[in-house]
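Enquirer: Sending over a structure as structure tokens; questions will come in a sec.
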Amino acid sequence: MGEGAHWPVVFVDNFNRSTLGAGWSPYTGRPGSDPRTWWDPSMVWLSHGALVLAGAPSKSHANLWRTGAVSRWRTPQTYGRWEIRFRAPASRVLSYHFLLWPQSENWPPEIDIAEGYSRARTNSSAFIHWRDDDGRRQQRGFRVEGDFTQWTTVAVEWTPDAVRFFRNGVEYGAVTGQAVPHEPMFLALQTETRLARELPSGATPTQFVWVDWVRVRAYPG
């Protein structure tokens, strides 16, 4: 479970309302990581006590999907624990990316809490990106097996000494040393189209990732 499970809670959102709320900002535009995606605020909504991040073919542009993404860029913090309970129905298109991004917008660092590259949703990955002492970009990744079509809680615990990744309270990866960032970062929840070799179009059904709740804890050190 990690020691951070008992740190003080500084933010929690159960999405038990009808609108997104001031704590979240929807994205607009094309991510640098996926030129076939256009982040569209209309693909973000709340339903039955959950945040919905959706994806569907663009009606005006071929080979382009509109998808949902949100962030809490106004509330960055250094160190802490971020927990997300979510589920992702199987998809041949929609990937999910839950991450911490630097407030400075100078990449790296980046902490990827969970990224979904399995079409059947049978595994999820976590990554950390950093620069070494010579300024070279480095990356370390971990994969965890599970049924992510069912409600699952992923978490990252970030201290001055380590970054640790959890699924349903069980640690499955950790880094120390140079890989650990020491600057303010904010939470982002994104969907893209990185699962598809060729994007379907036409009458393709809208696809979804559901987020039940988000909780953020502060590092007490």
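The values are calculated or read from the model by the stated rules, or taken from the named source; none is laboratory data. Note that this is a predicted model, so its numbers are computed, not measured. Virtual Cβ from ideal backbone geometry, glycine too; neighbours counted across all protein chains shown. Only protein heavy atoms, including side chains, enter the accessible area calculation; ligands, DNA and RNA are left aside. Shrake-Rupley method; radii C 1.70, N 1.55, O 1.52, S 1.80 Å.
Enquirer: Quick check on residue 23: is it at negative phi, without any contact (Cβ under 8 Å) to a residue 60 or more places away in the chain and open to solvent by less than 40 Å² (accessible area, probe 1.4 Å)?
Expert: The answer is yes for residue 23.
Enquirer: Would you mind telling me which numbered condition in (1) in contact with a Leu (Cβ under 6 Å, 6 or more places away or on another chain); (2) surrounded by fewer than 23 Cβ atoms within 10 Å (Cβ to Cβ); (3) more than 24 Å from residue 221 (Cα to Cα) residue 98 fails?
Expert: (2)
Enquirer: Here is a follow-up. Quick one: in segment 61-109, of everything that is without any contact (Cβ under 8 Å) to a residue 60 or more places away in the chain and charged (D, E, K, R), which residue is farthest from residue 160 (Cα to Cα)?
Expert: Applying the filter and picking the extreme gives 66.
Enquirer: What strands (runs of 3 or more DSSP E), lying completely within segment 113-221, carry at least 2 residues that are in contact with a helix residue (DSSP H, G or I) (Cβ under 6 Å, 6 or more places away or on another chain), of a type in the set (Val, Ile, Thr) and buried (at least 16 other Cβ atoms within 10 Å of the Cβ)?
Expert: In segment 113-221, no matching strands (runs of 3 or more DSSP E) lie anywhere.
Enquirer: Still on this model: Could you please find all residues in segment 44-71 being in a loop (DSSP other than H, G, I, E, B) and surrounded by fewer than 21 Cβ atoms within 10 Å (Cβ to Cβ)?
Expert: 48, 49, 58, 59, 60, 61, 62, 63, 64
Enquirer: Still on this structure, please answer the following. Evaluate the following for residue 95: is it touching a Gly at 6+ places or on another chain (Cβ under 6 Å) and among the polar types (S, T, N, Q)?
Expert: In short, yes.
Enquirer: Right, here's the next one. For residues that are in a loop (DSSP other than H, G, I, E, B) and either open to solvent by 10 Å² or more (accessible area, probe 1.4 Å) or among the charged types (D, E, K, R) (or both), tally how many sit in segment 72-90.
Expert: Final tally of qualifying residues: 9.
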